[in-house]
Amino acid sequence: MTAPTARRGFTTEAVDALIQRRDEPEWMRERRREAWTTYQELPMPTQQDEEWRRTSLRDIHLEDVELSEDWHAPTGTLLPEAERKETFGGFLGIYDGRRVEYRLDDDLKAKGVIFTDMATALREHGDLVREYFMTKCVPASDSKFAALHGAFWDTGTFLYVPKGVAVELPLRTIVAASLDGTASLAHTLIILDEESQATFAEDFTSPLTGNAGFSSRVAEIILKRGANLHYIGVQHWGKSVHDFHTERVLLDRDSTIILQTVELGSRLSKGRVEAILHGNGATAKLQGLYVEDGRQHLDRYTLQDHRAADGTSDLLFKGVLTDKSRSVFSGLIRVSPEGKKTAAYQQNRNLLLSRTARADSIPNLEIGANDILGCTHGATVGKVDEEQLFYLMCRGLSRIDATHLIVEGFVDPLIEQVPITGLREALRHEIQERVSVLEAQ
Amino acid sequence: MEKENGHVEPVQLVIRDLHANVEGKEILRGVNLTVTQGETHALMGPNGSGKSTLANVVMGHPKYEVTQGEILFNGINILDLSPDKRARMGIFLAFQYPSAVPGVSVGNFLRRALEAKREGYDPNAPAEPTGQMPKRKGIPPAEFRKMLNEKMRLLKVDNTFVNRYINEGFSGGEKKRAEILQMAMLEPSMAILDETDSGLDVDALRIVSEGVNALRGPKLGVLIITHYQRILDYITPDVVHVMYKGRIVKSGGRDFALEVDKQGYERLIQDLEASEGSEETVEA
């Protein structure tokens, strides 16, 4: 056996080593090389760039990230305790880049549903992956970090639902990583064929570590005519992780997505959530929730891109911030001249629990069509309302309990829409714990 | 308060020479009032006389600063206690304008409030060690459900109420009924109803009043704050007080309310000022 070789930094040698190590088809190897070239060509974003104006990369040292081949299997199942009584159509457990748990209902297999890890998908369904992997949804040229992802992606979920198939039970993935000075580059690729339907939830989780971890995630979601997806992504990386991600959904005619993202972990989380409505009559409901404490920094860019008629998009992002945490929300609604009868709504609401927390909200509209149904945006940043607190305290609740209840009420309308009971309860619990920790300080 | 012979003294709310400011302006200028468990008092007065301020000061609203006087409840000065402790001792305020708390259902809220109430507050108990959350006694869901159904029936409240967010999108009448439902669940020994009649049509006023009447009894002291006499057609008070410029200027029996209503505040106050003019001069 050869001793594991620790490699440091994202370099040409590291790409070559990765290509050598992984038994992938030549076209994928070529894509990795191309992505690496793109990465080298693109400048590192600076705070002169509008999208990066409020987020500094000063503390990110990509040259120090370890691309280790060292691997220790986890003990026990990755599925959280709270969800062990749930019934899933399929479950995928990924640990440090490798599939460690896997199950898919036979009837789904029989119907042609493909739900597996990316490496297996590449081996067994190469043509599908080749057609959709970082081609039309999130190409490597999309951004510096997308390019890095294209070169170094390591794992993730592949989901394909054939035409007309409805997957009734939710599909579930847990991506766990040690992220102790190391990296995770998970790729999610979802293709829902015409008139198909599914619910998919994935978690990104890592323990609290001393060394800065690095994560670059990309989720590509392609919905064909009439397809219907409920996607839930929960990020609870350890608090020393730097997380970069892009979640983008392409919506064809009459397709519908509910896309929920919950961001709880990481030191820095910089990402995009985008819905491209390119077919007539598509509907996108985008919901985000972030809970930040300590010195966490979250910077979110969202896009509702209406390129076709009769589309509806409804975005609601809510943040709870404590300590010295900071959030930046920058959302754009863009309606092309083709976007007739568009209805687009955007709301960002932030609840500050400390005087030192800060939330910035920057809404933007670009309306190119002249007969839209409605287009509104709104942003709020506020403390817990003193009159609400007094009211609740007059019913016997202590200041802490009253604050908890107000936070619960603030986040719950989003959480209650998560269609998995165990996950919903776990999220409620995790958020309340976070608020309690703050109050005890 | 239990005495040695087992006889239970009725709880009293005693307000003595209470002065309070809001934003530096004196609103309460020496209020004296005693309400005993089992009694119903009405506090009337024109707008701006300080009635709602008094209600808020009794509960400990942070906006008001008490500059003089004391409020005793069950013999204990409560002025230094936070609103939640006052509530857990048994004081209840039905708000004129109850806050909406989006995302929190009436049912969830009532359960938490009832848990807090049952925990109670003993001002003589040693302080909790800091950083330690107090132990919470949960209420069995079946027991809670049963109690809630009972109270909702009593107050003719619709079942769907429980799942709605507190006061969000409630009509004026629904808000007031929700307040009385909370009062019914928490079973206070002293309830202050702040302009519970305002904004209600005759039917809503009747339903709310019937609710309050159903809760009245030897264990409940009630202070009804109102601008108009009409709620007193439904809830008969034992004592009626008139407040003016931050003080209670006259008190009387149940018929006094009718007198006030017929006469109007202006006339009443003119008469009072005429008869007490000399006293005012001395004070000034």
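The values are calculated or read from the model by the stated rules, or taken from the named source; none is laboratory data. Keep in mind that this is a model prediction, so the values were computed, not measured. We place every Cβ from the backbone using ideal geometry, glycine too, and count neighbours over all the protein chains shown.
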Mind listing whichever residues of segment B:34-55 are in contact (Cβ under 8 Å) with a residue 40 or more places away in the chain and in contact with a Lys or Arg (Cβ under 9 Å, 6 or more places away or on another chain)? B:Q37, B:G38, B:T40, B:A42, B:L43, B:M44, B:G45, B:S49, B:G50
Can you pull out every residue in segment B:184-198 that is part of a loop (DSSP other than H, G, I, E, B) and surrounded by fewer than 23 Cβ atoms within 10 Å (Cβ to Cβ)? B:E187, B:S189, B:E195, B:S198
Take the residues of segment B:1-28 that are assigned to a strand (DSSP E or B) and surrounded by fewer than 15 Cβ atoms within 10 Å (Cβ to Cβ): which is modelled with the lowest pLDDT? B:E2
Given the criteria in a loop (DSSP other than H, G, I, E, B) and crowded, with 18+ Cβ neighbours inside 10 Å, does B:P237 qualify? yes
With the condition kept exactly as written, say whether any residue in segment B:104-112 is over 30 Å from A:K318 (Cα atoms) and aromatic (F, W, Y). no
Residue, nearest to A:V335 (Cα to Cα), within segment A:359-372, restricted to residues that are crowded, with 17+ Cβ neighbours inside 10 Å and not hydrophobic (A, V, I, L, M, F, W, C): A:P363
Which of the residues belonging to segment A:326-353 are over 16 Å from A:L303 (Cβ atoms) and among the charged types (D, E, K, R)? A:R326, A:E338, A:K340, A:K341, A:R349
Mind checking whether some residue in segment A:38-51 is closer than 18 Å to A:M118 by Cβ and modelled with pLDDT of 90 or more? no
Only one of B:I91, B:I76 that is more than 10 Å from every other protein chain (Cβ to nearest Cβ) and either touching a residue at least 40 places away in the same chain (Cβ under 8 Å) or buried (at least 16 other Cβ atoms within 10 Å of the Cβ) (or both): B:I76
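This table checks each residue for (1) within 14 Å of another protein chain (Cβ to nearest Cβ); (2) crowded, with 20+ Cβ neighbours inside 10 Å; (3) touching a Leu at 6+ places or on another chain (Cβ under 9 Å).
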{"residue": "B:Y64", "(1), (2), (3)": "yes, no, yes"}
{"residue": "B:Q68", "(1), (2), (3)": "no, no, yes"}
{"residue": "B:S82", "(1), (2), (3)": "yes, no, no"}
{"residue": "B:A87", "(1), (2), (3)": "yes, yes, yes"}
Run down A:T421, A:T403 and say which single residue is of a type in the set (S, T, Y) and closer than 18 Å to A:Q260 by Cβ. A:T421
Among (1) modelled with pLDDT of 95 or more; (2) under 30 Å from A:S178 (Cβ atoms); (3) of a type in the set (S, T, N, Q), the one test that A:T322 misses: (1)
Restricting the search to segment A:291-331, which residues are touching a helix residue (DSSP H, G or I) at 6+ places or on another chain (Cβ under 7 Å) and within 12 Å of A:R358 (Cβ to Cβ)? A:T322, A:D323
Out of A:D154, A:D107, report the one residue that is within 19 Å of the chain's Cα centre (by Cα) and acidic (D, E). A:D154
If we only count helices (runs of 4 or more DSSP H) wholly inside segment A:366-441, which ones have 1 or more residues that are at pLDDT below 95 and more than 13 Å from every other protein chain (Cβ to nearest Cβ)? A:421-440
Please verify whether segment B:254-273 includes one or more residues that are in contact with an Asp or Glu (Cβ under 6 Å, 6 or more places away or on another chain), at pLDDT below 95 and at negative phi. no
Test B:A184 against the criterion of being more than 16 Å from the chain's Cα centre (by Cα) and of a type in the set (G, A, S), and give yes or no. no
Within segment A:219-306, considering only strands (runs of 3 or more DSSP E) that don't extend past its boundaries, which have at least 3 residues that are among the hydrophobic types (A, V, I, L, M, F, W, C), surrounded by fewer than 24 Cβ atoms within 10 Å (Cβ to Cβ) and at pLDDT below 95? none
